[in-house]
Each structure stands twice: as structure tokens, then as C-alpha cells.
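Comments concern the structure below.
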Ligand SMILES: Cc1ncc(C[n+]2csc(CCOP(=O)(O)OP(=O)(O)O)c2C)c(N)n1
Ligand SMILES: [Mg+2]
């Protein structure tokens with residue numbers, strides 16, 4: 001049975017929805033690892049995909065952090081480091097035609113879906129070769145080719161949008177679904193509750209995912225509401241709602257696969273609370289006075305990349321040498337994305353006037 005990460009910031013309680021394989025009723029031993037499980041229930045290919053995908057997210061963002069320090073990247077930049085399993089596990093549970101949407105902590109999702117790292121890095125640089133033509137920056141990565149709908153800076157703003165995308169899928173009878181990520185801060189927004197209500201009423205094919213990393217900027221979950229088991233918020237709408245160990249791609253995959261099954265069967269949405277942790281600050285300038293170094297270290301000891309690596313080695317899915325080769329490949333890929341961005345041009349100032357929605361008959365604008 002998978003387990004919930006150590007209960008430093010999350011109150012673990014007996015869950016009502018105990019029918020989900022990915023949830024637990026007990027608090028884990030500190031630093032427990034998936035690698036110690038006897039037989040993995042996922043294939044070698046899946047583990048290697050998770051390893052490579054999470055390593056790309058990690059190395060890409062470590063580099064982005066350095067480049068920010070060098071002022072090559074400016075503006076906002078929110079790193080996903082520590083949270084990688086929340087995306088990797090979902091990618092293997094869904095199809096290529098499913099739609100994705102998230103908040104501003106948005107580099108990892110498109111990278112895992114197959115967006116070219118060059119185009120993501122160039123976007124961080126604000127270059128014309130960026131995935132949003134250098135006009136969006138870190139918070140506004142979009143890639144239609146991989147069905148990634150952004151990249152949204154208004155906390156909770158993407159939640160009704162995600163429900164809307166799911167509405168379109170249902171209306172067009174595509175059989176696809178939308179997975180809609182948000183932070184723990186977003187669930188305190190009215191839009192979250194309104195979107196969940198209608199999504200459940202209309203049985204929309206949407207998976208709402210709360211990436212509960214314990215904090216909204218410097219404000220801990222328990223300082224924002226009496227309700228700290230965030231998945232229970234879905235129960236107000238009779239929505240199947242579950243907590244998931246967000247440090248383990250296995251648990252994420254299982255939970256998303258079940259939710260996807262429900263959505264595709266026409267049974268509507270599911271709310272999943274991925275319990276995870278970000279190792280870095282909220283954004284690039286965060287003194288992190290709201291948490292202790294020990295807390296960060298405790299989560300680092302459950303690092304998803306390390307545990308997946310241990311599982312791979314223990315089960316002889318690959319040798320250390322094979323993994324070193326993957327590491328080298330990823331480092332090169334990231335270096336190449338920096339070179340590509342450095343050599344690209346900034347957009348022409350005229351570009352600021354393109355890709356803008358304009359309603360010509362808007363009554364209050366008179367030339
Ligand atoms: C509507 C709105 N209010 C406030 C902000 C300022 N703000 C930016 S990020 C953030 C914290 C959100 O935290 P959470 O949803 O937990 O996401 P995380 O950063 O942890 O991924 C806030 C309050 C905003 N962008 N939008
Ligand atoms: Mg948060």
C-alpha cells in the first residue's frame with residue numbers, strides 16, 4: 001500500500017474514501033521509500049520514463065534557477081523542484097489527447113508532455129523562439145501540440161477554465177478528459193467551489209488536482225482554513241475525492257487512472273489532493289522564514305527521483321551505467337536549451353500588438 005508523506009504539515013486522519021488503492025489510513029515511518037516494496041507493479045519502461053522525465057524537469061529548473069540569479073531570466077519564476085512525481089505519474093495514466101491546464105508553476109507539465117525544452121527555456125528568456133513567442137514568460141507556457149493549455153497567473157483562475165475545457169470534450173463527445181492542476185492556495189477561491197459544483201452537476205470529464213505543497217507563498221494550509229484535509233472539500237458536491245501521496249509517481253498514476261476511468265465512463269469529475277512539497281522558495285525571492293530547514297530535509301529524504309532510481313536499480317531495470325547515460329543526455333539537452341535561448345532574438349516590439357483578442361464592437365471603445 002502506498003503511503004502519505006510524513007505528517008509535518010499535513011494532518012493525517014482516517015479517510016472516508018478508503019476504497020482507493022493509493023490512499024492510506026496511517027502515518028508513514030519517516031523517510032520510507034517505495035524502493036523497499038517487494039515487487040513493483042509498473043513496468044521497466046514506465047519506471048525509466050518516470051526517471052528520465054523527472055530528471056529533465058529537475059535539471060531544467062536547476063538551470064533556470066541559476067540563470068535567474070545571473071539575470072538572464074527576469075520577472076517571475078516559480079520552480080517545481082520536489083513536486084515532479086505529481087506530473088510524471090499522471091502522464092503515464094492518461095492519453096495524448098487528454099487536455100492539461102495548471103497555474104503559474106508550469107514548466108514541468110509541458111516538459112513531461114513532450115514540449116521542446118528549447119522552446120520552454122527561450123520563453124523564460126523572453127525570446128521570440130519561446131513557446132509563447134517570448135510574450136508570456138515563466139508563468140504563461142502554452143503548447144497546443146501537446147494539449148497543454150497553460151500557465152495561469154491568477155490563483156484559481158484556471159479551475160473554471162479546466163471545467164470549461166472538459167465541457168467542450170463532453171459536448172463534442174471526444175472521450176477525452178481535462179486534468180486541471182491547482183495549488184492549495186487556489187482552493188480558498190470562490191471560483192474553485194463554483195467550478196466543482198457545476199462540474200459535478202454536469203458530470204464533466206475533469207480531474208481536479210490540488211498540488212498541496214503545504215504553502216501558498218508563505219502561508220501554511222492550516223493558517224487559511226479550518227479544513228486542512230483539502231480533498232474533503234469535494235465532498236460538499238458529492239464528488240469522489242481522495243488524498244494521494246504526491247511524492248510517488250506510482251500513487252499518482254493509480255489515482256489518476258481511476259479518476260480517468262470514471263471520467264470516460266461518463267461518471268464525472270474526481271478531486272485528488274496530491275500531498276507534495278516544494279524544496280525551493282515560492283518564487284525566486286523568498287527568504288523562507290515560514291518553515292524550518294529540517295522540514296525541507298525531511299521531504300528531500302523522500303525525493304521521487306531518488307526513490308524511482310532505487311526501484312530501477314533494485315529490480316535491475318537498468319544499471320547505474322545506463323542511468324548515468326540518461327543523466328548525461330538530460331544535461332546536454334538542458335545545455336542545448338540555454339545555447340538556443342542565448343542565440344535567439346528578443347521579439348520585435350511590434351509583436352506586442354499581435355495575438356490580442358479584440359472585440360471590435362465593444363461599446364465603450366470609441367476611436
Ligand atoms: C487571485 C490572486 N490572488 C493572489 C495572488 C498572489 N499570489 C500569487 S501565488 C500565490 C500563492 C498561491 O499558492 P498555491 O495555490 O498554494 O500554489 P503554489 O505556489 O504553492 O504552487 C498568491 C497568493 C494571485 N496571483 N492571484
Ligand atoms: Mg501551495
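The values are calculated or read from the model by the stated rules, or taken from the named source; none is laboratory data. Remember, it's a predicted structure, so these values are computed and weren't measured experimentally. A quick note on method: Cβ atoms are made from the backbone with ideal geometry, for glycine too, and the neighbour counts reach across all protein chains shown.
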Worksheet item: Right, residue 131: more than 12 Å from ligand 1 (Cβ to nearest atom), assigned to a loop (DSSP other than H, G, I, E, B) and modelled with pLDDT of 95 or more or not?
Response: yes
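Matching residues to (1) surrounded by 14 or more Cβ atoms within 10 Å (Cβ to Cβ); (2) touching a residue at least 40 places away in the same chain (Cβ under 8 Å); (3) under 30 Å from residue 204 (Cα atoms); (4) out of contact with any helix residue (DSSP H, G or I) (no Cβ under 8 Å at 6 or more places or on another chain):
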{"residue": "270", "(1), (2), (3), (4)": "yes, yes, yes, no"}
{"residue": "277", "(1), (2), (3), (4)": "yes, yes, yes, no"}
{"residue": "302", "(1), (2), (3), (4)": "yes, yes, no, yes"}
{"residue": "316", "(1), (2), (3), (4)": "no, no, no, yes"}
{"residue": "342", "(1), (2), (3), (4)": "no, yes, no, no"}
{"residue": "348", "(1), (2), (3), (4)": "no, yes, no, yes"}
{"residue": "356", "(1), (2), (3), (4)": "no, no, yes, yes"}
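With respect to residue 230, is the statement that it is closer than 17 Å to residue 90 by Cα and modelled with pLDDT of 95 or more true? Steps first, answer last, please.
Working: closer than 17 Å to residue 90 by Cα: no; modelled with pLDDT of 95 or more: yes.
Answer is no for this residue.
Report yes if residue 205 is closer than 24 Å to residue 132 by Cβ and either touching a strand residue (DSSP E or B) at 6+ places or on another chain (Cβ under 6 Å) or in contact (Cβ under 8 Å) with a residue 24 or more places away in the chain (or both), otherwise no. Before you say what the answer is, go through the steps one by one.
Details: closer than 24 Å to residue 132 by Cβ: no; either touching a strand residue (DSSP E or B) at 6+ places or on another chain (Cβ under 6 Å) or in contact (Cβ under 8 Å) with a residue 24 or more places away in the chain (or both): yes.
When the stated conditions are applied, residue 205 does not pass them.
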Worksheet item: Which one of the conditions (1) more than 25 Å from residue 224 (Cα to Cα); (2) away from ligand 1 (no atom under 13 Å from the Cβ); (3) in contact with a helix residue (DSSP H, G or I) (Cβ under 8 Å, 6 or more places away or on another chain) does residue 138 fail to meet, given that it meets all the rest?
Response: (2)
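Pick out the one residue from 26, 43, 53 that is modelled with pLDDT of 95 or more and surrounded by fewer than 22 Cβ atoms within 10 Å (Cβ to Cβ).
Working: 26 fails: modelled with pLDDT of 95 or more; 53 fails: surrounded by fewer than 22 Cβ atoms within 10 Å (Cβ to Cβ).
Exactly one of 26, 43, 53 is modelled with pLDDT of 95 or more and surrounded by fewer than 22 Cβ atoms within 10 Å (Cβ to Cβ), namely 43.
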Fill in: Residues being more than 16 Å from ligand 2 (Cβ to nearest atom) and crowded, with 24+ Cβ neighbours inside 10 Å - total across region 179-196
3
Response to the item:
Among residues of region 78-101 being assigned to a loop (DSSP other than H, G, I, E, B) and under 10 Å from the mean Cα position of the chain (by Cα), the residue nearest to ligand 2 (Cβ to nearest atom) is 83
Discussion item. Being crowded, with 19+ Cβ neighbours inside 10 Å and over 30 Å from residue 200 (Cβ atoms) is the filter here; which residues of region 134-164 pass it?
Written reply: 134, 136, 137, 138
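Condition check: within 9 Å of ligand 2 (Cβ to nearest atom), modelled with pLDDT of 95 or more and crowded, with 21+ Cβ neighbours inside 10 Å. Does residue 199 satisfy that?
Numbers: within 9 Å of ligand 2 (Cβ to nearest atom): no; modelled with pLDDT of 95 or more: yes; crowded, with 21+ Cβ neighbours inside 10 Å: yes.
Taking the combined requirement at face value, the residue does not satisfy it.
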